[in-house]
1. Say we look at the stretch 150-181 and pick out the residues that are without any contact (Cβ under 8 Å) to a residue 60 or more places away in the chain and of a type in the set (Gly, Ala, Ser); which of these is surrounded by the fewest Cβ atoms within 10 Å (Cβ to Cβ)?
2. Report, by residue number, each residue of the stretch 108-129 that is β-branched (Val, Ile, Thr) and open to solvent by less than 40 Å² (accessible area, probe 1.4 Å).
3. Residue 242 fails exactly one of the following numbered conditions: (1) surrounded by fewer than 20 Cβ atoms within 10 Å (Cβ to Cβ); (2) at pLDDT 75 or above. What is the number of that condition?
4. Across the stretch 26-63, what is the total count of residues that are β-branched (Val, Ile, Thr), modelled with pLDDT under 75 and assigned to a helix (DSSP H, G or I)?
5. Starting from the stretch 31-52, keep only residues that are open to solvent by 50 Å² or more (accessible area, probe 1.4 Å), then list their pairs with residues that are not aromatic (Phe, Trp, Tyr) whose Cβ atoms are within a distance under 6 Å, requiring at least 6 positions of separation or different chains.
6. Test each condition in (1) assigned to a helix (DSSP H, G or I); (2) within 22 Å of residue 236 (Cα to Cα); (3) open to solvent by 40 Å² or more (accessible area, probe 1.4 Å) for residue 142 and report the one that comes out false.
7. Here is a list of conditions, (1) under 23 Å from residue 230 (Cα atoms); (2) in contact (Cβ under 8 Å) with a residue 60 or more places away in the chain; (3) within 15 Å of the chain's Cα centre (by Cα), and residue 140 meets all of them except one; can you say which number that is?
8. Report, by residue number, each residue of the stretch 150-184 that is of a type outside the set (Gly, Ala, Ser), part of a loop (DSSP other than H, G, I, E, B) and modelled with pLDDT under 90.
Amino acid sequence: MLDPEALTFHLSGLKEGQLQDLLAVLDRSNQSHSMLRGVAHDLSNVSQALSMGAPAVLAGEIEAEKWLAMTSWVDDKMNRATAVLRDFGAQRVDEERSVLVHEVLRTAHDWQQLQRAQPIGHISWHASPDLPPVRASDRRLRQILLALIANAKEAIDGRQEAEISLEATPTANGVTIVVEDSGAGIDPDIRDKVFDAFFTTKDPELHAGLGLTVARESAESWGGGLNIDERNDGGTRAKLFLHYWSDPGSS
């Protein structure tokens, strides 16, 4: 099992940017376990659908419209699986660039369906029209949103009529993304530790405790920030602020 103290000691000589990148890689690796299990489940369903559907079509037991609907469903599943595998398998630098929040939010909401396990609850998302491009890395922003959604799912697991909402709205200087859940909120005893690297209240064999650390440090490196607080009616609110994109080379 990972020894956080020993790892922290050996990494103490790294520069801030190098350490941040390494923590992001570790967090992505941890996320991939859940995501890839979801991809495997999708591909298994696709395989079963094709193996049962093709003979039925040849035998004239399935109407053409139903077959077309199934092939469209298969196409959606395959496209998502391909996108996830390419994203999590890519080895490239997470460079800052002009990022469209609406597209990243939509993809994160779609991909979160692959996370294992899935609690019973409603997950909604909304992005205001005409959001300005923000300064971020699209891949790492997607990683951050998936981590925030995963935390929200942990918070609502086992609760009745649970809800998670994602909303992106413009501000004077950029875009604010809010991820809220209707869970029990943050235990006061751990409130000051939630951003600490390797801190987790979950099974350490499955959770590295890096999601919020990477989220905050990434946001701050882009000139933004991340706050975690409680909703007035219970639950937790994660508020991620990103500055609008302003290309230094254009000024």
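1. 172
2. 123
3. (1)
4. So the answer is 1.
5. Pairs found: 37/116; 43/81.
6. (3)
7. Result: residue 140 passes all but (1).
8. 157, 159, 160, 161
The values are calculated or read from the model by the stated rules, or taken from the named source; none is laboratory data. Everything quoted here is computed from the prediction, not taken from an experiment. Virtual Cβ from ideal backbone geometry, glycine too; neighbours counted across all protein chains shown. Areas reflect the complete protein model, heavy atoms only, side chains present, ligands, DNA and RNA absent. Shrake-Rupley method; radii C 1.70, N 1.55, O 1.52, S 1.80 Å.
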